[in-house]
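Beneath this line is the structure, given in structure tokens, with notes to follow.
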Protein chains: 2
Amino acid sequence: MKKILTALCILLTIGGNAQQEEDKAILEKIYKNALVNGKSYEWLDYLSNQIGGRLSGSLNAQKAVEWGEKELKALGLDRVWLQPVMVPKWTRGVTEIAYIETEPGKTTSFPICALGGSVPTPIGGLKAEIIEVKGLEELATLGKEKIAGKVVFYNRPMQADLIQTFEAYGGCVDQRYAGAAEAGKYGAVGVIVRSMNLRLDDYPHTGSMSYGDLKDTQKIPAAAISTNGAELLSTLLALNKKAKFHLNMNCRTWKDVQSYNVIGEIKGSEYPNEYMVVGGHLDSWDLGDGSHDDGAGIVQSMEVLRLFKEIGYKPKRSIRVVMFMNEENGLRGGKKYAKVAKQKGENHVFALESDAGGFTPRGFSFDCNDATFTQVESWKPLFEPYLIHYFAKGGSGADIGPLKKEGITLAGLRPDSQRYFDYHHAKNDTFDAVNKRELELGAATMTSLMYLFDKYGTK
Amino acid sequence: MKKILTALCILLTIGGNAQQEEDKAILEKIYKNALVNGKSYEWLDYLSNQIGGRLSGSLNAQKAVEWGEKELKALGLDRVWLQPVMVPKWTRGVTEIAYIETEPGKTTSFPICALGGSVPTPIGGLKAEIIEVKGLEELATLGKEKIAGKVVFYNRPMQADLIQTFEAYGGCVDQRYAGAAEAGKYGAVGVIVRSMNLRLDDYPHTGSMSYGDLKDTQKIPAAAISTNGAELLSTLLALNKKAKFHLNMNCRTWKDVQSYNVIGEIKGSEYPNEYMVVGGHLDSWDLGDGSHDDGAGIVQSMEVLRLFKEIGYKPKRSIRVVMFMNEENGLRGGKKYAKVAKQKGENHVFALESDAGGFTPRGFSFDCNDATFTQVESWKPLFEPYLIHYFAKGGSGADIGPLKKEGITLAGLRPDSQRYFDYHHAKNDTFDAVNKRELELGAATMTSLMYLFDKYGTK
């Protein structure tokens, strides 16, 4: 018996080693192909420079849908289709104007932009005193008496000493998301929010906001100001608290419009009814061309399926690339995809999202059970030659979040985050800010993880 | 006895844990200070934008020496001095010109730059057929018959599928360094080398070269061509092998001139006769302002000593920051420093160099014995919160190389290398290509390693 067990152990070890060698060889193929013959950069060039910014409900978003469908069809997948979803439509209108009048006739202008979903100012703009706060708590302590009739200026910067910049973002973004809803309760007439950017520069960064349960009459216009602008405004206010702030925006929310998630599928050879999703979001904000957020995630996800075909790997499970629509201001695409999957009883076992920029990949964050995480950790040596070292439990991605249920593993690509917020939601999120190799390494890293999960399943 | 041993073990463990907690706290202070109150970015701004490119022997190099001395003095170190070193002086002259004449009167121009140390063309330029090769081996197979009287065009690209770009550089740079020496032997009249750049763009990248033991009469002018230029030239040559190539450069080598390494020291409190060096090189090529190569390394090294003072850490060993002169085209500074150290019998135990760009730090490479490397590996958990994961045996840095002897540990900072060769030795190596946080994280990582080696010594 003991001899049999020993023999079995040896066989299993040999088998394990053979598997490991095979996996190593496959990863080598994947990385080599991505770096030498990759398509992701060329795709991103088209999406960014020929289509450009593609806010939900815009003509560009529709162009992006058509482009995505065409390119997925060109990959020769088993099935490509559009999944209808109604999305919000908000337009920025003419370029926003903001300045402060420190004494009659003496004005200083600031680079600002409306937050997505903001109401406009009254026609001709508004003019009011402006009061600086460091956040929602300070606002609450000031109360109606000190806030009513004024513009509220949220100026708590992102925390520089946090190593992962997404944490610093998480610690600040309440000002942008809920700032207007809270200030509106106290009778403020407008809101200016310091841009979510660790760097001092002149780009205002837009982003989503919510009025919560405010009545229409309480909704006030909200704009982001560049970090340099915020510093200057703060200095001027320290000198003259009575200075008048002028704000003019004519953004507008329209009726919801028809749009689509774009989906492509390779049917699984062994378990066609188990689904694995890889995706990013096709929509972007309107200021830049959305190269990092999230053109990168879109083209990397496309590249996963292209690389599988290119290296001749036939997945056991059904693999879907999903270009989600409307992540930025509604998440309608992600919700719709999950809803339809549930209605159809499709068994989703794994989903991976890339929505943190096209920078050098460092690893992944996993929302999964302990057994699956242990399995992931056993794959670490496979990734070492590619300098992929970060495997942590944590969040995944906004679009795949609605798929969450017992038994599914969700994962998010984690690229280096130091420069992400220099570009996030701003005019400078453009193609030239993406490095070809960094983008390709991300795609190869995603493909490798998809391969391993397809081969070994989740636990 | 057993009880005593157990008690001892417990005490050692408690002691070990206390040490670990102290180290953890010190690293936290270092990173926080570097990211919140760091000086490296401000220093780099001055060095790059107020001084600029600082080729050995130039006026700017002298300005950089004076600036370095002034700033080190301002840090309140125990001692700051200039170490004299004679350096080569080579000047580029007027902007180089290169074009090909595919038929009489029909010309196409290319972005080129002379390699550092090249001889000029004859006055008025040279004109010859040009022959493309993939490297020195192919050149040798062609021999004198096919090479004599022609310009040789080295066009082997950097290998895209190597993950660490320095490996790809190492596999190509023989064309630049030895290309003219080899082609000169076969009677070539000039050399054009594809730029050491993985990206396709329009910047020619200069760099050092050697004529080996060629006689003066055999020395031929050598220039780099941009990667896009190389692709175009190759295409045009495929169409017409008889096309005439024109090259005009008036670079010049002068007599050696006086320059300096800039050195600052904090005297060790326990072992003042053990020296630890941290440094980079103060000189740069002349095309850009040398922000990544190696302004970053200079200001990060200065920051190490500033951070020690800032957090109140008094090193046990004598810590020196060394701004080496003339790494790029002679290594005279590094050689001189080592020579003087040897003459004075100074016991150098550790040296760290940063000369791979101011990008997100990933870790270090070590040239050391096994015991020291084991010690380094025991420090890994301390670096994990800062996403520093790469600890490998290998090279260190060119300037500290001459210090190598039995018992010394040499180390090199290893930042993310994907974008380094986009800027290396080219016009676009400028301040705006450096991210403040990435630079600061590098400085903090270097400071942390210096702290640990100072505290625990080498093995």
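Every number in this text was worked out from the coordinates using simple rules, so none of it is lab data. Bear in mind the structure is a predicted one, so any value in this text is a computation, not a measurement. We place every Cβ from the backbone using ideal geometry, glycine too, and count neighbours over all the protein chains shown.
Of note:
- Over the range B:350-403, the ratio between the Cα radius of gyration and 2.2 N^0.38 Å evaluates to 1.16.
- 5 Å-binned pair-distance histogram of the range B:256-368 (Cα, whole percent): 2, 11, 20, 23, 21, 14, 7, 2, 0
- At 7 Å out from Cα toward Cβ: A:Lys380 inter-copy label distances (nm, ascending): 0.6
- Ordered by the number of other Cβ atoms lying within 10 Å of each residue's own Cβ, fewest first, B:Asp367, B:Asp399 fall into the sequence B:Asp367, B:Asp399.
- A label point on A:Asp45, set 7 Å along the Cα-to-Cβ line, lies at 3.6 nm from each of its counterparts in the other copies, closest listed first.
- The ratio of the alpha-carbon radius of gyration of the range B:93-250 to the globular-protein estimate 2.2 N^0.38 Å is 0.95.
- For B:His348, neighbours were defined as the other residues whose beta-carbon sits under 11 Å from its Cβ, and their charges (Lys and Arg +1, Asp and Glu -1) total +4.
- Listed residues B:Pro111, B:Phe153, B:Asn248: farthest to the positive end of the dipole of the range B:93-250 (Cβ charges): B:Asn248
- Axis-proximal residue of chain B for the rotation onto chain A, reported as residue and distance in whole Å: B:His389, 2, based on Cβ position.
- Copy-to-copy label distances for B:Thr108, where each label lies 7 Å from Cα along Cα-to-Cβ, are 5.3 nm in order of increasing length.
- Calculated SAXS-style log₁₀ I(q)/I(0) at q = 0.04, 0.06, 0.10 Å⁻¹ - the protein assembly as shown, Debye, Cα scatterers: -0.21, -0.49, -1.27
- Long-range HN-HN contacts of B:Val85 with modeled amide H, under 5 Å: B:Ser259, B:Tyr260, B:Asn261
- Put simply, the amide H of A:Arg414, placed in the peptide plane, has neighbours under 5 Å in A:Arg362, A:Gly363, A:Phe364, A:Ser365, leaving out anything fewer than 5 places away on its chain.
- For the range A:93-250, the Cβ-based charge dipole about the Cα centre amounts to some 420 debye (Lys, Arg positive; Asp, Glu negative; other atoms uncharged).
- FRET efficiency for the A:Asp202 to A:Ala128 pair, using the beta carbon distance and R₀ = 30 Å, is estimated at 0.80.
- Converting phi to 3J(HN,Hα) with the Karplus coefficients 6.51, -1.76 and 1.60 and the offset θ = phi - 60°, the range B:38-55 yields x, 10, 4, 5, 5, 4, 5, 4, 5, 4, 7, 9, 9, 9, x, x, 9, 5 Hz in sequence order, with x at every glycine or proline.
- Rh by Kirkwood over Cα pairs, then Stokes-Einstein D for the range A:95-168 at 1.306 mPa s and 10 °C, µm²/s: 106
- Derived scalar couplings ³J(HN,Hα) [the range A:114-121; Karplus, 6.51 cos²θ - 1.76 cosθ + 1.60; whole Hz; x for Gly, Pro]: 5, 6, x, x, 5, 7, x, 6
- Whole-number D in µm²/s for chain B (Stokes-Einstein; Kirkwood sum over Cα pairs; 25 °C, 0.890 mPa s): 105
- Taking every Cα-Cα distance in the range B:346-459 and sorting them into 10 Å bins starting at zero, the pair-distance distribution P(r) comes out as 14, 45, 30, 10, 0 percent.
- Table column - 3J(HN,Hα) (Hz), the range A:228-242, Karplus curve with 6.51, -1.76, 1.60, x for Gly and Pro: 4, x, 5, 4, 5, 4, 4, 5, 5, 5, 5, 7, 8, 6, 8
- Rough spin-label spacing in nm, given labels placed 7 Å along Cα→Cβ, for B:Ala392 and B:Lys215: 4.5
- Over the range B:153-218, the ratio between the Cα radius of gyration and 2.2 N^0.38 Å evaluates to 1.20.
- Cut-off under 5 Å, modelled amide H: who pairs with A:Phe153 long-range: A:Ile131, A:Glu132, A:Val133, A:Ile192
- Taking each DSSP H run with n ≥ 4 as -39500 (n - 2.57) and averaging over every residue of chain A yields -11500 deg cm²/dmol at 222 nm.
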